[in-house]
1. On the basis of being buried (at least 17 other Cβ atoms within 10 Å of the Cβ), part of a helix (DSSP H, G or I) and modelled with pLDDT under 90, does Arg194 make the cut?
2. Can you name every residue in segment 127-139 that is closer than 20 Å to Lys547 by Cα and surrounded by 17 or more Cβ atoms within 10 Å (Cβ to Cβ)?
3. What's the number of the only condition in (1) part of a loop (DSSP other than H, G, I, E, B); (2) modelled with pLDDT under 90; (3) over 30 Å from Ala518 (Cα atoms) that Met456 fails to meet?
4. In segment 146-199, which residues are of a type in the set (Lys, Arg) and more than 18 Å from Gly455 (Cα to Cα)?
5. Please state which one of Thr319, Thr346, Thr297 is hydroxyl-bearing (Ser, Thr, Tyr), in a strand (DSSP E or B) and on the phi < 0 side of the Ramachandran plot.
6. If you take the residues in segment 98-116 that are of a type outside the set (A, V, I, L, M, F, W, C), in a helix (DSSP H, G or I) and under 13 Å from Ala35 (Cβ atoms), which one is modelled with the lowest pLDDT?
7. For segment 393-413, which residues satisfy the criterion of being assigned to a loop (DSSP other than H, G, I, E, B) and not acidic (Asp, Glu)?
8. Just to verify a result, which residue in segment 304-342, among those that are out of contact with any strand residue (DSSP E or B) (no Cβ under 8 Å at 6 or more places or on another chain) and of a type in the set (A, V, I, L, M), is farthest from Val411 (Cα to Cα)?
Amino acid sequence: MGQKMNKLELEASVDHVTNANFHQVRGHSTRIGVAELVEQYQSAQIRALLKKRYGSAYEKESDIPNSIRRQDESELSDIRREVARRVAAITSAEGKIARYIDLSRAQIKQLAVSMAELAGGDRDARLQEARKFLGHDIPGSTPESQYARICSASFWRRCITVAVDRSREQFFLRLGKLGKSAECYASDLGVDARKQQLNKQKIWIRNTVLVRDCNPATPCTSVTKRIRLEDVVKTPEQKFARIYSFVKAMEKLAEKSKLSSAMLTITLEPEWHPNPQFGTNTWNGKSPRAAHKSFCTRWQAVMRDLHRIGIRLSGFRATEPHGDACPHYHTWLIYRPEHEKKILLTVMRYFPLKLKVRVPNDGAITTTDIIYENRDDFAAGKWRACAAEGVGAQVELSRIDPERSKAASYVMKYVMGTLPKKLKEKAEVIDGRSEGHSEPDDGIMRVDAYRAIWGMNQGQLFGVAKCLTVWDQFRRMQQPPAHWFLKELWLMARGGSAEGRVPRGCEQRGDAYKFLEALGGLDASRNGKRNRKNYVISRLVEAGVNKYGDVIKKTIGIRLLKKANKKKPESNLNSASAKSVRGNCARVVATIKTRLDKWSFETKIPSLFGDFSISSRTTEFVT
């Protein structure tokens, strides 16, 4: 791409764009490449500016007669500079990544090797050069670990791949290549790269085995010493089943505590939408990742403000993209019914546009839905009926009537929206029927590529104990713990007293409802009060050092803590006399290591002459 840009383009300064009114290019797939799209964009801008100056007489500068060109040299120079400025604006990126956004995966690998080989010389100077190249700080807790990273080709490969993918998608957004009427969610080029990545992962998993270093405490046989990696990697079915189990458990706990449920949908303001389907484009030029960070910051503020007034929420939050790649959020809320107005007032403090409240009627839109124009109207109870179908709002609350439908059906709808069709058919959400909305296979792949490019997870639970990690740790234990409480959790997680490894596809299923109840249940049901359970589960960690020299903490098991309410001296230096206050403290009553054995990857390269093991690329880890 750099060879096709003249000196004027390279020297042009990039103005800070506050309202990204980019001139969009239509009609071509992103698969033709960045360089070709830049050339088309440049030609289109030249034609537009020449038409503005000379009418329809000339489409290229070379079409202008020499006599007129000499006479209008000053104006033509201004046109060249304006075109160069526009091209620089649409290809701008952090650091020096802009000149590399057309690289393939193979070219990125070569560039990474070159960058690692250049890491000699003065350490501080090389670190400064690396920061300028990437446009951000180098990860690492010490200068030594940062320098070790820039000497590693694998570090450069990861960083450059992420930076190139995101900068390229941002370039396509500026050209208007993504949207409801164009390429949805992610570009064709980004989807192709994601497919290639997943295919390589699949091949690597298929050709990799885990080799166990035998421990005297846990002797191994020839069968257990080597395990195929594809036999232990979690499948989409397993991930879906685990999330679904805990969502159903939370639903049962909410019904038991007589809590209300609702689906809260939050859409970001118009300035975050690069290519809106309706209305005027007022995009601020920022990326979907910046939009996601804006939402997360505001959502944390909502939870903080509610916490300060003694209101707790539980539920599940899912992230989905609009067609133009702007994210929006579906949140399953579990809350005490008397807190609904305070919750919505707090939400609208940070998301201040329209609020739409939908009544539960099996999902149909009726005239009983109401609209509040702003937060003040909602506080005053001033609303208007929503008579037309499809009227949108920034915040939309859909109350869930448990007599008509189950909350889990609404939640899993957004999880199943990106699942393969064969997996949807297995999911029974309501009376044995799958209620997830269908996405074509291409849409599924595009949403997956979108999340991979911008670093967004599909969804997460909140307002419950950190149950998923603890659940996995207990499922991993092959023998019951000695402590009675840990043994109960072990039985709940594994679904029985059978010892040994839980094989894939077996009928041994855990009880997520009792498991959550034992850990303290839902935060929403406690109405701001502390968890009254005497026992708390936490991670057992071990300090280690990664390959770059940074100190890290590895989870090697679980700890059981017992809470106690004891008197402690008040730490008030201005107090004339010492006072005692009561507070919670915890002591460790049991620890269990779940990672006892050392394993290493052994990858085989398939060839015409058989499979060859690569012992030099083995990676050790503890499990």
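1. On the way: buried (at least 17 other Cβ atoms within 10 Å of the Cβ): yes; part of a helix (DSSP H, G or I): yes; modelled with pLDDT under 90: no.
Against the criterion (buried (at least 17 other Cβ atoms within 10 Å of the Cβ), part of a helix (DSSP H, G or I) and modelled with pLDDT under 90), Arg194 does not qualify.
2. Of all residues in segment 127-139, those closer than 20 Å to Lys547 by Cα come to 127, 130, 137-139.
The answer is Leu127, Ala130, Ile138.
3. (2)
4. Here is the first cut: in segment 146-199, the ones of a type in the set (Lys, Arg) are 149, 157-158, 166, 168, 174, 177, 180, 194-195.
Hits for segment 146-199 are Arg149, Arg174, Lys177, Lys180.
5. Working: Thr346 fails: in a strand (DSSP E or B); Thr297 fails: in a strand (DSSP E or B).
Selected residue: Thr319, the only one of Thr319, Thr346, Thr297 that is hydroxyl-bearing (Ser, Thr, Tyr), in a strand (DSSP E or B) and on the phi < 0 side of the Ramachandran plot.
6. In the first step, residues of segment 98-116 are kept if they are of a type outside the set (A, V, I, L, M, F, W, C); the result is 99-100, 102, 104-105, 107, 109-110, 114.
Subsequent filtering for residues that are in a helix (DSSP H, G or I) retains 99-100, 105, 107, 109-110, 114.
Those left that are additionally under 13 Å from Ala35 (Cβ atoms): 99-100, 107.
On the way: Arg99: 89, Tyr100: 92, Gln107: 94.
Of everything passing the filter in segment 98-116, Arg99 is modelled with the lowest pLDDT.
7. Pass one, segment 393-413, residues assigned to a loop (DSSP other than H, G, I, E, B): 393-394, 400-406.
Result: Ala393, Gln394, Ile400, Pro402, Arg404, Ser405, Lys406.
8. Here the answer is Ile309.
The values are calculated or read from the model by the stated rules, or taken from the named source; none is laboratory data. No experiment lies behind these values; they were computed from the predicted model shown. Heads up, the Cβs are rebuilt from the backbone with ideal geometry, glycines too, and the neighbour counts pull from every protein chain shown.
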